[in-house]
Structure formats: structure tokens, C-alpha cells
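Encoded as C-alpha cells, the structure appears first; notes follow it.
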């Protein structure tokens, strides 16, 4: 017999109770989940906003630091009249100047020789009659014992293990019966003796060629003779590094100039305006009626304070404030760089500007420290705040995991209830079949006999 | 009339009467009560098979009343089932939401929706 559904028309207390229990359980699980979701979403947004602020504050700090460096170095730039002969770069120079390089008669190169004779194999053919050789590198000598490895590969390995400032390699010319050679090359340029002697102390027993014993850079600087083992020279002109590239023609001279560069300074000032505006925009987004989630955060107030200090910065002298350098503010507080005004400044005013800019730790440039204190990726205040948010995020994740486990348990419990309901229905149906059969049998016994 | 009739019918009536009184979330008690009802009906079946004489009509009427109450019981169980199924759907939604928040790898669904 099938069960007839919906014959029961009353409102069931049974089902109502059950529904109430279910609703309460689900609500308990769901409400914290939504709260956690909102909290996590807010945290993510805050972290993103802080990342933007940190980047913007870092940009402004870098711009100010660059201006401080320009003040300290007087915005020096370096140039070479012929970069095919000599290139030049600044390495801390603070004074303008001009230098002449001439008579480059030699460009430094590393010593490099190969064995005079080739060898049949790299790992079998003996390279020494008694397995003992002597390597000479400049004024140093090294004894080589080839016992158990008297062949090219063994010699190569022995030389490379000496730490003698040379590197040995095995060459394969692929020609003739003895195609294998050993090449020995100095690790740094400069003229120096490079020999591999069969007999210690006997230069006549050298196994290497004498074709390239290296060379020094030889030239004149302002008429003074200079010999250097390398081409990159940073110990002749204080704060300047120059590189000898090629020999000069007879009578040729190369001019190296160190000068205060207005364009360099202008670029840095324009960058200050850009980075200032970027940070200001990011901060303003967290202020006012439509402020973001960082509204009221102390970091926002701190950055606002620092920006105001920067905008109002004043010094003494011919250049006293930002406007004197062409850095102007509009009605909304946006900074812009008036290059026309900057380039119209006199040399004396430019010189005064360097004092205004100060250094990386003083003057206008010194303000970079205020912003670095905020933006430092390791110890900055913004990073510390981000770390706190990360901790909160981890805590939230743990709570969400716990809640997830609880909800999954509820899922299992509800599934079990479904199965139990099915079992109950099956049992009820079975009961009906049996009960109905019993009643029919009893009716037959009762009425069938009565009819008779 | 055999002595066991009264007791057999009474056992069915008592088991049936217990069902609405059991808290709906106490599935164990529900199942036990239903099993008790099954045993009572089985006992009746055995008595009916052995019946040699006529059965008093009031007993038949009481049994028919037990037969008639079944749709109401079934309806309650179906309501219970439907409620559980609806909540299960919402719970599964919450499970996916929770998993997405927690960043845990998506696991195989533990439960199949039944019915």
C-alpha cells in the first residue's frame, strides 16, 4: 500500500519544532560566517590601501633623498668628449672640474698563454717528465704535483685549485695527432709574467707561449703619466670613475667634465611634484565623507602632517622655499613644477638652491627621513601596521576554518537526518502493508463466518 | 477470543501515540519508536495468522484507526525530510562560502542530496 501524502492538514507541531531547531542551528553558523567574511574583506582592503600608501610614501621619500643627494653633490654630472676612448661616471664627486686624458698608448688586458705543444689525449698523455711543474704568475710561483694525474686534465685541475688568479682550460683544436692544448688566462688585466715551467726556477723550461703576457693601461691625465693594471680607474680623480676603452690617435685628447646639471636637478624637482601628488591623492582618498577604510587611521594623520611640513618647508638664503625653485601649489593643493621659472634662475640662485636642498639627512632632502620612517619595507610604520593586519588575517582564517568544520559537521548531521527520515518512511510503509494484511485477514475471519 | 488481542492492539496504539511526543531532532528515539511499532504490528500479524474464531468488531475498528493514522505520520516525516533537505541546501552553500574564505582546497562534497 502506498502512503498518501498531504492527507494531514493541520499545522504540525512536530515539523514546526524541527524547523525551528534547524533554523536556529543554521543561523548560529551563518551569522559569524558573514561577519568573518566582512571582516576579512575589510582587512584585505586595508592591506591594499596600506600597500598603496607605502608605495606612494616610499616614492616621495626617494624623490626627496635624490634631491638631498643633488644638494650634497651639487647635482654634478659627468661627460666624456669621446666615449669610444674613455667613459666616465660619478662616484661621489662633489666638485666641478675638467680633466684631459691623452696619449692612451695601451689598453689593459689580461695575460693569456697556451702550451707550446699539443697532446694526443687530455687524460692519458703525460705533460711532465717527472710529474712536477712550476707555475709563475707575476712575482709569485706555485709548485704543482701531478702524481696520479700527469695529464692535461690533471694539470688543469691542479692549476685551478691553486687560487693563483689564473684559470686553466683544455682546448681541443681537432687538428693533427696532438690536438689538445692547455690555455692559462689571468683573471684580471695587467702586464705580468705567466709561465709554466718543467724545471723549477728555469725560465727556459717554460711549456707556455710568450705571446700575451698581459698589458697595463698607459695614458696621460692632464699631462701626468699614469700606468694602471686595469681599465676601470677610480683612484685617480676623487669621486670619479673612468674607463679606458681604446687607444687615442697621435695628438688626440679626451675631455672629462664634471658640472652642475640643471636638467638633472629639474628632473628631480619634477619627480618631487609627481610623487608628492601621488601620495597626497592616496591620503585624500581616506579623508572626508567618502573616505576609505583607513579613515581616522593614525598613519593617515601622520602622512598628512608630513605633507604639510614639506609643502611649508622654508630655509634661509636666496632660495628659501619650494616656490623659489618653481615648485608651485594650486588652489586644491596640487604641486606642479614650473620649469620656465626654474631655468630662469641665475647661477648664483642655483648655487643657493643646493643649500636649500641640503643633503640626504638635512635641509629639504632631510625630510625624506620622515617618509622613510613610514615607508621602510622592514621597520616602517606602515609595514608594522600591515604586519598587524596579517596577524588579524591569520586569526580570521583560523576562525573561518573552525567555523567551516562546524558547518561541515552540520551538513553531515542533516544528511543523516534525511536518511533517517527515509528509513522512517520505509518502516511506516512496511507497517501499513502488514497491518492492512492483518486487518483483511481478521475481517475475513469475522465477517466471512458471520455471513455463513 | 485469544487473550493476546487486547495487548497486541494496545501495543500498536501505544507505539503510535509515542511518535508525536518524541522531539523531532531526536532521530534515535524516533527510529526506536518506529521499530517498536513494527514489532507490535508483527506481533499482531502472528496473532492474526493463528486466529481461529471471530474477532470482536471494536478491535477491528481500533486497528483500522491505526491504519488510518499512517498518512498523518508519513506527512510529518515528509515535512521533517523536506525541512532537512532545504537546510542542507543552505548549509552546502555556507560550506562553499566558508571554504572559499578559508582558502582551503575544494573537497569532494560529503553529502549527496537525497530525493
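Take segment A:261-313 and flag every residue that is in contact with a strand residue (DSSP E or B) (Cβ under 6 Å, 6 or more places away or on another chain) and more than 20 Å from residue A:328 (Cβ to Cβ).
If the condition is that a residue be in contact with a strand residue (DSSP E or B) (Cβ under 6 Å, 6 or more places away or on another chain) and more than 20 Å from residue A:328 (Cβ to Cβ), then A:261, A:264 are the ones that fit.
Answer yes if at least one residue in segment A:412-427 is out of contact with any strand residue (DSSP E or B) (no Cβ under 8 Å at 6 or more places or on another chain), surrounded by fewer than 14 Cβ atoms within 10 Å (Cβ to Cβ) and farther than 30 Å from residue B:78 by Cα, and no otherwise.
no
Please work out if residue B:49 is touching a helix residue (DSSP H, G or I) at 6+ places or on another chain (Cβ under 8 Å), under 17 Å from residue B:4 (Cβ atoms), within 7 Å of another protein chain (Cβ to nearest Cβ) and surrounded by fewer than 21 Cβ atoms within 10 Å (Cβ to Cβ).
No; evaluated as a whole, the condition is false for this residue.
Identify, from the list A:378, A:382, the residue that is farther than 30 Å from residue A:260 by Cβ, away from chain B (no Cβ under 14 Å), within 42 Å of the chain's Cα centre (by Cα) and not in a helix (DSSP H, G or I).
After applying the criteria, what remains is A:378.
Among the residues of segment A:65-85, write down those that are in contact (Cβ under 8 Å) with a residue 40 or more places away in the chain and in a helix (DSSP H, G or I).
If the condition is that a residue be in contact (Cβ under 8 Å) with a residue 40 or more places away in the chain and in a helix (DSSP H, G or I), then A:65, A:66, A:67, A:68, A:69, A:70, A:71, A:72 are the ones that fit.
Output the residues belonging to segment A:190-242 that are surrounded by 18 or more Cβ atoms within 10 Å (Cβ to Cβ) and in contact with a helix residue (DSSP H, G or I) (Cβ under 7 Å, 6 or more places away or on another chain).
Residues satisfying the conditions are A:195, A:197.
Could you pull out the residue among A:159, A:218 that is in contact with a strand residue (DSSP E or B) (Cβ under 6 Å, 6 or more places away or on another chain), touching a residue at least 12 places away in the same chain (Cβ under 8 Å) and part of a strand (DSSP E or B)?
A:218
Tell me which residues, restricted to segment A:294-314, are over 16 Å from residue A:60 (Cβ atoms) and crowded, with 17+ Cβ neighbours inside 10 Å.
A:294, A:297
Only one of A:201, A:239, A:223 is under 27 Å from residue A:106 (Cα atoms) and at pLDDT below 95; which?
A:239
Looking at (1) facing chain A (nearest Cβ under 7 Å); (2) within 30 Å of residue A:414 (Cβ to Cβ); (3) at pLDDT 80 or above, which is the one condition that is false for residue B:89?
Every condition holds for residue B:89 apart from (1).
Could you identify the single residue in A:265, A:258, A:272 that is in contact (Cβ under 8 Å) with a residue 24 or more places away in the chain, assigned to a strand (DSSP E or B) and closer than 21 Å to residue A:74 by Cβ?
Of the residues listed, the single one that is in contact (Cβ under 8 Å) with a residue 24 or more places away in the chain, assigned to a strand (DSSP E or B) and closer than 21 Å to residue A:74 by Cβ is A:258.
Tally the residues that are in contact (Cβ under 8 Å) with a residue 12 or more places away in the chain and assigned to a helix (DSSP H, G or I), restricting the search to segment A:282-321.
Qualifying residue count, segment A:282-321: 12.
One residue is enough: does segment A:277-290 have a residue meeting the conditions closer than 23 Å to residue A:77 by Cβ, at pLDDT 95 or above and touching a helix residue (DSSP H, G or I) at 6+ places or on another chain (Cβ under 6 Å)?
no
Which one of these does residue A:364 not meet: (1) assigned to a helix (DSSP H, G or I); (2) in contact (Cβ under 8 Å) with a residue 24 or more places away in the chain; (3) more than 9 Å from chain B (Cβ to nearest Cβ); (4) surrounded by fewer than 20 Cβ atoms within 10 Å (Cβ to Cβ)?
The failed condition is (4).
If the requirement is being at pLDDT below 85 and part of a helix (DSSP H, G or I), which of these qualifies: A:408, A:394?
A:408
State whether the residues of segment B:26-37 include one that is more than 9 Å from chain A (Cβ to nearest Cβ), closer than 16 Å to residue A:435 by Cα and out of contact with any helix residue (DSSP H, G or I) (no Cβ under 6 Å at 6 or more places or on another chain).
Checked against the condition, which is being more than 9 Å from chain A (Cβ to nearest Cβ), closer than 16 Å to residue A:435 by Cα and out of contact with any helix residue (DSSP H, G or I) (no Cβ under 6 Å at 6 or more places or on another chain), segment B:26-37 yields no hits at all.
Looking at segment A:118-132, which of its residues are at positive phi and in a strand (DSSP E or B)?
Once the filter is applied, which keeps residues that are at positive phi and in a strand (DSSP E or B), segment A:118-132 yields nothing.
The values are calculated or read from the model by the stated rules, or taken from the named source; none is laboratory data. Remember, predicted model here, so these are calculated numbers, not experimental data. Every residue, glycine among them, receives a Cβ derived from its backbone with ideal geometry; neighbour counts consider all protein chains shown.
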